[in-house]
Ligand SMILES: NC(=O)c1ccc[n+]([C@@H]2O[C@H](COP(=O)([O-])OP(=O)(O)OC[C@H]3O[C@@H](n4cnc5c(N)ncnc54)[C@H](OP(=O)(O)O)[C@@H]3O)[C@@H](O)[C@H]2O)c1
């Protein structure tokens, strides 16, 4: 298995969600998420997006599985019905071993991010830093000293919220 990336939006306190949902509505960041996870491979390679069962539950029926990506859902529940197009697995490691014709992304939530950041094959973090503290009930760990910011976009403001898209890589 080759390396994988994490994609996340986090506030200043590394908060990522509240009441089972995102704590903000940032269409520009959602568009970025869609673009980076879908990719644009002319050969038609499909990326795998790995998510915890609670994150899967947050996606409205009409948007799931996430289009043009192979959705891989991690749950302890072996009877969970994720439909014919998606794959159910029971650990992060198993999720990362699901065959993939493109790239692999871990897309949340807090439990999966915590495990992913500790994984030796986690190579890239795409972190959208959202200014402010949104009083989130779900957080991710701050990346350890093994990761360094490699690229930082200019700040963007939407609906009074400012955010910056960054790319972190392993040292
Ligand atoms: N800001 C962002 O970029 C972003 C992205 C995604 C999600 N979120 C937010 O994050 C929150 C959800 O995160 P969360 O931490 O509560 O849940 P989560 O990580 O999405 O899912 C947790 C579930 O995944 C399964 N799971 C996790 N680790 C496992 C393991 N090692 N083995 C087997 N199963 C495992 C379990 O499912 P079972 O209970 O079925 O066994 C567990 O209850 C929501 O508020 C969501 O909106 C934010």
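When a/c reaches 1.5 or more, the comparison of a/b and b/c decides; with that in mind, is segment 52-100 rounded, prolate or oblate per its Cα gyration tensor?
Details: a/c = 1.80, a/b = 1.25, b/c = 1.44.
Cα axes put segment 52-100 in the oblate bin.
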Item to check | Residue with peak Gaussian network fluctuation, the chain [Cα springs, cutoff 10 Å], from 116, 13, 67 | outcome: 67
Checklist outcome for this item: Restricted to the chain, the DSSP antiparallel beta bridge percent, nearest 5, is 45 percent
Next on the checklist: 7 Å from Cα along Cα→Cβ at both residue 133 and residue 30: what's the point-to-point distance in nm?
Outcome noted: 2.8 nm
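Could you tell me what % of all Cα pairs in the chain have separations over 19 Å? If you can, show how the numbers build up before the last one.
Values: 8033 of 14535 pairs.
Considering the chain, 55 percent of its Cα-Cα pairs are separated by more than 19 Å.
Kindly provide the helix-only [θ] at 222 nm of the chain, computed as the sum of -39,500 (n - 2.57) over DSSP H runs of four or more divided by all residues, to the nearest 500 deg cm²/dmol? Mind dumping the intermediate values first?
Working: 4 runs with 32 residues, N = 171.
It comes out at -5000 deg cm²/dmol, rounded to the nearest 500.
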Next on the checklist: Under 8 Å for C-alpha pairs, at least 6 residues apart: give me the relative contact order for segment 50-171, rounded to a whole percent.
Outcome noted: 21 percent
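Going by a ≥ b ≥ c, the root eigenvalues of the Cα gyration tensor, does segment 46-132 fall in the rounded group (a/c under 1.5), the prolate group (a/b larger than b/c) or the oblate group?
It is rounded, given that a/c, with a ≥ b ≥ c, falls under 1.5.
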Checklist entry - By its C-alpha gyration tensor, with a ≥ b ≥ c as the square roots of the eigenvalues, how is segment 76-171 shaped: rounded for a/c under 1.5, else prolate for a/b larger than b/c, else oblate? => result prolate
Checklist outcome for this item: Here, residue 151 and residue 40, labelled 7 Å along Cα→Cβ, have an inter-label distance in nm of 1.3 nm
Item to check | Computed lengthening from residue 2 to residue 85, 0.36 nm per intervening residue step minus Cα-Cα distance | outcome: 27.6 nm
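Laboratory data are not the source of any read-out in this text; all were calculated from the coordinates shown. All figures in this text were calculated on a predicted structure; none of them were measured in a lab. A quick note on method: Cβ atoms are made from the backbone with ideal geometry, for glycine too, and the neighbour counts reach across all protein chains shown.
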